[in-house]
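To start, the structure itself, in structure tokens.
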Amino acid sequence: MNRKILLILMGAMMLLTKASAQTTEQEDAVGHFTYCPYLAVFYSLYSASDESTGGNKLQVGFGFETEYRITKEIGISAGLELANFGVKGRSTLNDRYGPVHTFVNEYKMKTLSLPLMFNLHPLASNRLSLRMGLQPGWLIKTDSDKLSSGGMCFAIPVGVAVGLGDRVQIELRAHIGTTNFEDRKDHGELYQRTLALNLVYIIQ
């Protein structure tokens, strides 16, 4: 009986020690900066035509963010992100006699953005982060003659980051574009609607 009580007490002490270490980890982050370079893989959620071929939907980019922890659970961050995204598809022009001509629509875009994020860290271990913010940017390059580079654009980033260790995170981030890149009249709308899988390295 005494042996069972001793084992229970030892287990309780181990749990308390682990919880204390996690709390100390979170408390130590308050008032400090964290620097996070990351590599991103972007997947386009929109189609530029009636029949999307899937071309250009997968693109890569990279970025750098720095976070300042205000409290144990709350932080704010700002950064710089270079993103590539696009889509390729076909549209068919029809009249009452049937198909007239098939057009190939190809959009490849590159943006330079400034993600400004509000970060919530609900766990004491810092292994989970919920993120949302505003991302102003510029369309710095496009391979399409239908779009003009140099224009300012905006997106709303929403993400969930999970820690794989003390230094590595995986983040799934959605970019909800609010700026129409296709500014010609009587044409369809084209927004930055992408999912990004970010591989983040943490420098404390």
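Just so you know, all these numbers are worked out from the coordinates, no wet-lab data involved. Keep in mind it's a predicted model, so treat the numbers as computed, not measured. Heads up, the Cβs are rebuilt from the backbone with ideal geometry, glycines too, and the neighbour counts pull from every protein chain shown.
A few notes on this one:
- Local electrostatic count, Ala196, Cβ distance below 10 Å [Lys/Arg +1, Asp/Glu -1]: -1
- In this rough spin-label picture, where each label sits 7 Å from Cα along the Cβ direction, the Val30-Asp166 distance is 2.2 nm.
- Around the amide H of Leu45, modelled in the peptide plane, lie the amide H atoms of Arg193, Thr194, Leu195, all under 5 Å away and 5 or more residues distant in sequence or on another chain.
- Between Tyr201 and Val41, the FRET efficiency estimated from the beta carbon spacing at R0 = 22 angstrom works out to 0.90.
- Using a Förster distance of 30 Å, the FRET efficiency for Asp143-Ile74 (Cβ separation, nearest 0.05): 0.15
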